[in-house]
Amino acid sequence: MAKHKTHYEECDILVVGGGMAGTGATFEARHWGRDMKIICVEKANIDRSGAVAQGLYAINCYMGMQWDENQPEDHVRYARNDLMGMVREDLGYDMARHVDSAVHMFEEWGLPMMKNEETGRYLREGKWQIMIHGESYKPIVAEAAKKSADKIYNRIMITHLLMDETQENRVGGAVGFNMRTGDFHVFRAKTVIVAAGGASHIFKPRAVGEGMGRTWYAPWSNGSAYALPIAVGAKMTQMENRIVLCRFKDGYGPVGAYFLHLKTYTQNANGENYEKKWYEQTKELVGEYIDHHPTPTCLRNHAFIQETIAGGGPIHMVTTEAFQDPHLETVGWENFLGMTVGQAVVWASQNIDPKYTNPELTTSEPYVMGSHATCSGAWVSGPEDLSPPEYFWGYNRMLTVDGLFGAGDTVGGSAHKFSSGSFTEGRLAAKAAVKYIEDKKAEGLKVSDNQCEDFKEKVYKPLENYTVGSNEITGGTVSPSYISPIQGLQRLQRIMDEYVGGIATNYMTNANMLKRGLELLEWLQEDLEKVGAEDYHQLMRAWELKHRALTSQCVTEHTMFREETRWPGYYYRGDHMKLDDDNWHCLTVSRRDPETGKFSMEKVPVYHIVDENEKKKAS
Ligand SMILES: Cc1cc2nc3c(=O)[nH]c(=O)nc-3n(C[C@H](O)[C@H](O)[C@H](O)COP(=O)(O)OP(=O)(O)OC[C@H]3O[C@@H](n4cnc5c(N)ncnc54)[C@H](O)[C@@H]3O)c2cc1C
């Protein structure tokens, strides 16, 4: 262990992850905490890290309140509808009422916004989306964070949260290692804001072998946002609510601009509108939810999946009409150049010119994230002016561990935040974290050197496993006493795929399959003690895997608990195929006991605050 130098830092606010939420948190922390010490720690490099790394072509969450285009209430109704009723409306409203100001700052900081030439307003792609020239989106928000932080640490992966030793259930910082130097880093902190993105690669991806790593969601999003809080006993919510995306096949290029701006549409192999065909069957499962407008994302997936199972595939996006218009053709291509160049390359390799050939679509493997059309994540306090007692415990976006805050994909229950909403939520969390410190809630913290040394030993164990175990290899690379991170990852992905509702079963699972999945995940956890890493990069892979495995256990426990099929098209409980509002119109909340590793589950009421308030005002 002596080989790895330890660096110590003490700070007021530690931001884990410098993506959209993390940069927002770092920026806002400085605004309210002028004299505070603020550190942001990032696994990659904040200039090009997170899901927005390559850029975006649209900001997907902008109200347009200055022009009375939408109000926060409208967005709450929209997210509630899309998530089949299951959202934290206090969190959604709070984000929506602040998001426009964040977008206005992006423009001030130099992000090129597309404008409607006639009205001068931001050019709308859809009701909530505005179009940008967004290749430089991430470097721009990174610059704001860099100017705000006392220090940004790049290339450090946070592996564990530290806990205060004087007061139960209070955070004390975090530890991690530098993936280039191998040094160990201890950050003692009064508050920690976890903003480490969502989780890809927990389910087996469609692209394996030569295409491995080609997923819709960022392959480096490894569930740290969930595993770090789960490990210290923070409560989580809606972890069963994984997301499945309908995207262009193989390249996973985005379809939003195509549907909304180019007005393209989908059809089955016979040129039919297949969505209509599945209307009655879907109504049987979910009742009147199928009549909602817009049709919830999961139900559109459902029609796609059913049509494919019934033999109506491949499903195509009809681009050949829109692409005859030279302007729309340019928009169609530019849409990829700013964020998914790979899709254009895939089409070139498959001889597809969307002007003459309708490209194929597919549904992705499931991902876990809290900021897109889904809302898995941590159970957090809402704002004091909006939240009912069950949703409020003092500080906005604080988890059920004192001093531990979350934002973006980390936070559950608040879907459709996207890039701008995640940045906004980071700001909200940082403001509350500053107040927590000012209220003297972080006084007398103690994090002993022993606690840090224990973690240091754990963190480097995979290197030791490899060093010792590799001596036993007599041929090839197969070791009798350790598994490599890639072997562990593939085992995890198969368990999740085959038992928890991945692509292998057309997203189908049931209690028996989940029970078996949980057993296999537990054994995997045992074996992960024996994961071996040959260098620091593989050490990162080992810890990414451990975080993914813990996240997966939580997802599986939640999926087991909710005995209904709330989101057909995201996953199916074959033993409870119907949506069941009588018993399951509620949020699910879990807690893993850090001592025993056992999960406990509870139902928490879902409050429809927006329209309740309106009803009260009217009466
Ligand atoms: C493919 C795709 C397309 C999208 N398209 C759009 C769009 O067009 N418009 C839009 O508005 N939104 C879009 N989004 C949504 C948007 O990107 C996310 O909502 C947003 O990035 C979430 O912010 P975040 O900070 O939670 O996560 P991220 O921005 O992903 O940031 C997480 C950060 O944490 C770091 N990290 C992870 N683990 C650790 C660790 N253990 N230690 C230290 N650092 C760590 C990561 O490296 C990363 O920098 C898209 C998302 C995806 C995946």
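Descriptive notes on the structure:
- Overall form of the stretch 527-603 per C-alpha gyration tensor (a/c, 1.5; a/b vs b/c): prolate
- Rounded to 5, the percent of DSSP beta bridges in the chain classed as antiparallel: 60 percent
- Residues of the stretch 515-544 falling in the label zone of Asn471, defined by backbone nitrogen less than 17 Å from a point 7 Å along Cα to beta-carbon, are 532-534.
- In this label model, Glu10 and Trp523 are separated by 4.9 nm, measuring between points 7 Å along each Cα→Cβ vector.
- Take the Cβ atoms of Glu118 and Phe259, set R0 to 22 Å, and the FRET efficiency comes out at 0.45.
- In nm, spacing of pseudo-spin labels at Asp449 and Arg34 (7 Å Cα→C-beta vector): 3.8 nm
- What the Cβ-Cβ distance of His537 and Asp325 gives, at R0 = 51 Å and to the nearest 0.05, is a FRET efficiency of 0.65.
- R0 of 45 Å, Cβ-Cβ distance Thr357-Asp385: FRET efficiency to nearest 0.05: 0.25
- Rough spin-label spacing in nm, given labels placed 7 Å along Cα→Cβ, for Ala310 and Glu563: 3.1 nm
- Computed helical MRE - 222 nm, the chain, DSSP H runs ≥ 4 contributing -39500 (n - 2.57), nearest 500: -11500 deg cm²/dmol
- Here the peptides 180-188, 370-378 are ranked by packing, the mean other Cβ count within 10 Å, and the order with the highest first is 370-378, 180-188.
- Loop chymotrypsin sites (Phe, Trp or Tyr not before Pro), the stretch 47-142, which have at most 16 other Cβ atoms in a 10 Å radius of their Cβ (DSSP): Trp109
- Peptides 275-281, 473-479 ordered by average Cβ neighbours within 10 Å, highest first: 275-281, 473-479
FYI, it's all coordinate maths here, none of it is from the lab. Bear in mind the structure is a predicted one, so any value in this text is a computation, not a measurement. Every residue, glycine among them, receives a Cβ derived from its backbone with ideal geometry; neighbour counts consider all protein chains shown.
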